[in-house]
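First up is the structure itself, then whatever we jot down about it.
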Amino acid sequence: MVTRSEILVLGLTAGVMGSLVGGLMLGIGLGLVVNNVHAGWVLVLPAAPAGGALGYLLARRLARQLGE
């Protein structure tokens, strides 16, 4: 059975890690695009899905721990 504390820790961890990774990718990519380095779009476009993927991986890890 999943406890409330495990769900809380999962949500906080996924939120913090996702926003850090996605925010860094977005900030660096937009900084490059503003300076006419259009390769920065490679960082800007996958920023949100990369942040969400971290949450997904953390949830899978929690599910695997609970299955043991």
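The values are calculated or read from the model by the stated rules, or taken from the named source; none is laboratory data. Here the structure is a predicted model, which is why all the values come from computation and not from measurement. Cβ: placed from backbone, ideal geometry, glycine included. Neighbour counts: every protein chain shown. Note: areas computed on protein heavy atoms with side chains; ligands, DNA, RNA excluded. Shrake-Rupley method; radii C 1.70, N 1.55, O 1.52, S 1.80 Å.
Residue by residue through the stretch 29-68, note down the ones that are over 30 Å from Thr3 (Cβ atoms) and open to solvent by 100 Å² or more (accessible area, probe 1.4 Å). The answer is Val34, Asn35, Asn36, His38, Trp41, Val42, Leu45.
Put simply, of Gly15, Gly11 the only residue that is open to solvent by less than 50 Å² (accessible area, probe 1.4 Å), closer than 13 Å to Ala59 by Cα and in contact (Cβ under 8 Å) with a residue 40 or more places away in the chain is Gly15.
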